[in-house]
Amino acid sequence: MYEVISNELIAPGIHRIEVRAPRIAAARLPGQFVIVRRGEGDERIPLTIADADTQAGTITLIIQAIGEGTEKLAAIEPGGGIRDVAGPLGMPTGIEKVGKVVCVGGGVGTAVLFPLAKALADAGNHVTAIIGARSEEFAMLRDELAEFCDEVIVTTEDGSLGIKGFVTAALGEIIEDPARRPEAIYAVGPVPMMAAIAEQTRPSGIHTIVSLNPIMVDGTGMCGGCRVTVGGEIKFACVDGPEFDGHLVDFRELATRQQAYCDDQHCRLADATAQTGPEDDA
Amino acid sequence: MSDQELTPKERMAIERTSMPEQDPARRATNFEEVNFGLDEESAVREAKRCLMCKTRQCVDGCPVALRIPEFLEAVANRDFNTAAEILRVDNALPATTGRVCPQEVQCEEVCVRGKKGDPVAIGWLERFVADWAAENLPNPAPPDKKTAFSVAIVGSGPSGLTAAGELARMGHSVTVFEALHDSGGVLRYGIPEFRLPKRIVDAEVACLESLGVKFEFNVIVGKTITVSQITDEFDACFIGNGAGLPMFLNVPGENLKGVYSSNEYLTRVNLMGAYKPDSPTPIATGNTAVVFGGGNTAMDSVRTAKRLGSKRAVIAYRRSRAEMPARNEEIHHAEEEGIEFMLLVSPLEIFGGDDGWVKSVRLQKMELGEPDASGRRRPVPIAGSEFVLEADILVVAIGTRANPLLTAACPELKLNKWGNIETDENQMTSIPGVFAGGDIVRGGATVILAMGDGKRAAGAIDQYLRTK
Ligand SMILES: Cc1cc2nc3c(=O)[nH]c(=O)nc-3n(C[C@H](O)[C@H](O)[C@H](O)COP(=O)(O)OP(=O)(O)OC[C@H]3O[C@@H](n4cnc5c(N)ncnc54)[C@H](O)[C@@H]3O)c2cc1C
Ligand SMILES: Cc1cc2nc3c(=O)[nH]c(=O)nc-3n(C[C@H](O)[C@H](O)[C@H](O)COP(=O)(O)OP(=O)(O)OC[C@H]3O[C@@H](n4cnc5c(N)ncnc54)[C@H](O)[C@@H]3O)c2cc1C
Ligand code: SF4
Ligand code: SF4
Ligand code: FES
């Protein structure tokens, strides 16, 4: 059992929880994730390690409750436990001092972005964070990001905070301004957002790194369920990623594979009763 | 039948027993075990078929050299205690090997009785005694004398479990590090419930726990901790992390929805329980399932697809029936369950619909040419023979390779060109005190070979520790 130390609501439906996992806290690097299982019989759910405290032996997870698995996790009270926490998984981000970087987070992607932005700032980069949210209350982590970022820009769809519109508008202004043009862009969020940013930066060739979140099972390279096409090659996001060169990713394929289990589209038997078997003839 | 000594002639007169099993039509809709197991009378009668040969060819046929004649004699005498004791010493997971060993190419292939007629059903008897022992004997107690040595085991597949058990019996403190949330390796996530019920794996693990073996799950060696951290903390280490990296076909369309590696397909169903109606883990189902491959993994996948409701469940294999590496019993059971065998075909391209789901696959017919490196005749494409087969589910079961997760984080470990760990005849790797065995050393092999490695390594580790 991995003890949950705290659980705090940081935006509607978005929880920040701290979990005791000393080995993972000691080993993790920015960009890595864990796979957690709430209890016996539950799903394995990949979650980015948003932060870690080696001294206390804890890791921080930021969870958006969007389905059965994440809702169960978000509901754990402090003092409660998670049965399984496995990690750190994935390749750590290659953190270098490159000069100016822009980190773009959309929705809960901001949580994934947070440790990257922090590590990039620690490495001496000039970091601009752009966070995109539906409205003010969803614009999470902006104070935390402001602690180490040189600039934090917020865009909201309804204009309730910062710039009204999408992150691409704010990013466009930066990349078109020769004085602000970054050496690298990190984009994490919904697939359409990452795809749009990759298209936006393609003409200028600015190095654009995205963090992919395909459906995963084991997270150790064993199942191949997380495969994505990058530069025409099959990669396993859990071991080769989750970060890839955005200009090489097949986002259409990723988007359709992510939907495989939505709305029961995976139940493709013509005769739905076939699965229940014949009458008991005992 | 009398319990007195039988003459060879009387022994020869006994016919091989048959295995009681679930009716094929019925079992193709459930995940319960296919074979029910022998009853006591049939087991004793079957054991009496053994001629107690001086040459002991059967023993040579078994990779762990189980003392088969002594074992069978004990069963014939209804002395199940002695039979169980022989199994305990020679074979760490008899309830498993009795069910999944490819007996027809091992112990039973060379059994003298097979020369004229049917070999003694050694595997079934092994299973019978192991199941009897699980029901009637207490779990083993930890050894009285403990040594001061500690050993780490990486991976809880058959090789790791065997090494753990042997080392614990020798009095060493044993900790097993397992990447997944549960034990057993392929026994848990690969081989389906209908062939190897998970209670068998649970029982084997419970025995190890009562011997004092500690299990730590969710520890991915190479990620959570490294091999060098292990060697700092423990006196020796055994690596049995298997060969779990799935191979794909490398044909267009392989990333369509509904195309699975057998590892993913079976893991969802077995480890995550996707076959149970209340499981949160989904699995795609469809009217026609096509599985590529001809080994045990392919048979397990296609029979699983049938059980999940596919009306048509097809094995598509590029060689002929004779080259199929699967156990005979599985092929036979699959046929009984209505699995279709499409032989000498190879996939060229997978097609999908606008919805991104697989719809069909284009196959090419093959013929057998010259033998290849494996000694099997190489399949050669027949020009102009392409055809399209409709499919809603495709499972790729063409083999696995070594997973580099652990070895990439341990560059000192010497590997061969396929990424498998190199060992000496004592299973020791290029790092002193670090041993390895099972699929990570051999490439995809068998349960009993993995166990044999675990056992040999345990002996060598004990030696190593005592002379350290
Ligand atoms: C490497 C990685 C890191 C991640 N980090 C975080 C994180 O830090 N915080 C966080 O809240 N989430 C993160 N996710 C996404 C998270 O794993 C999924 O939201 C979760 O698995 C959904 O499980 P569920 O049972 O709650 O929802 P389900 O009932 O399974 O699904 C609900 C909805 O979410 C969609 N969905 C399911 N799995 C995924 C997925 N992997 N990616 C995108 N959509 C999905 C489904 O299609 C469905 O529409 C990460 C995913 C990956 C692969
Ligand atoms: C579907 C299927 C059916 C089969 N049927 C048969 C059969 O009928 N008869 C037969 O004899 N053989 C069969 N085999 C082959 C047999 O199962 C394997 O040869 C055997 O399991 C190998 O044992 P192992 O101990 O080497 O590894 P595995 O059983 O592969 O176990 C390795 C374990 O190590 C863990 N691990 C991996 N990496 C790490 C890491 N970095 N850190 C910690 N833990 C790690 C894995 O999670 C796993 O639990 C089958 C294989 C499959 C896939
Ligand atoms: S372990 Fe396998 S090969 Fe050996 S006797 Fe038992 S069934 Fe036969
Ligand atoms: S070869 Fe067959 S008959 Fe002879 S001892 Fe072995 S099992 Fe018995
Ligand atoms: S999640 Fe299974 S290989 Fe990546």
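Values quoted throughout were computed directly from the atomic coordinates according to the rules given, and no laboratory measurement underlies them. Just so it is clear, the model here is predicted, and its values are computed rather than measured. Reconstructed Cβ throughout: ideal geometry from the backbone, glycine too, with neighbour counts over all protein chains shown.
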For A:TYR261, B:TYR317, B:TYR189, A:TYR2, order by how many other beta-carbon atoms lie within 10 Å, fewest first: A:TYR261, A:TYR2, B:TYR189, B:TYR317
Rg [Å, one decimal], Dmax [Å, integer] - region B:182-253, C-alpha atoms: 16.1, 51
Shielding by other protein chains, A:210-219, mean Cβ within 10 Å: 3
10 Å Cβ neighbours from other chains, averaged over peptide A:82-93: 3
Of A:GLY31, A:GLY99, A:GLY246, the one that fluctuates the most in a GNM where chain A has Cα springs shorter than 10 Å: A:GLY99
Entries in A:LYS118/A:LYS164; B:LYS146/B:LYS214; B:LYS198/B:LYS257; B:LYS9/B:LYS115 that, when Cα-Cα distance is taken, lie over 18 Å: A:LYS118/A:LYS164; B:LYS198/B:LYS257
Amide H within-cut-off set for B:ALA313, under 5 Å, with H built and near neighbours excluded: B:ALA289, B:GLU340
Residues whose placed amide H lies under 5 Å from that of B:GLY286, excluding near-sequence neighbours: A:ARG268, B:SER310
Stokes-Einstein translational diffusion, chain B - Kirkwood Rh over all Cα pairs, 1.567 mPa s, 4 °C, in µm²/s: 55 µm²/s
Relative contact order (%) - chain B, alpha-carbon pairs under 8 angstrom, separation at least six: 16 percent
Percent of beta bridges antiparallel (DSSP, the protein assembly as shown, rounded to nearest 5): 50 percent
From phi via Karplus (6.51, -1.76, 1.60), per-residue ³J(HN,Hα) for region B:215-223 in Hz, x at Gly/Pro: 10, 10, 8, 6, 10, 9, 5, x, 10
Antiparallel %, DSSP beta bridges [both residues in chain B], to 5: 40 percent
Helix-only mean residue ellipticity at 222 nm for the protein assembly as shown, each DSSP H run of n ≥ 4 adding -39500 (n - 2.57), per residue, nearest 500: -8500 deg cm²/dmol
For B:THR423, B:THR297, order by how many other beta-carbon atoms lie within 10 Å, fewest first: B:THR423, B:THR297
Cα-based Rg and Dmax for the protein assembly as shown, where Dmax is the largest Cα-Cα distance (Å): 28.1, 100
Region A:100-281: antiparallel DSSP beta bridges as a percent of all, rounded to 5: 25 percent
Order of B:CYS237, A:CYS238 under a 10 Å beta carbon neighbour criterion, fewest first: B:CYS237, A:CYS238
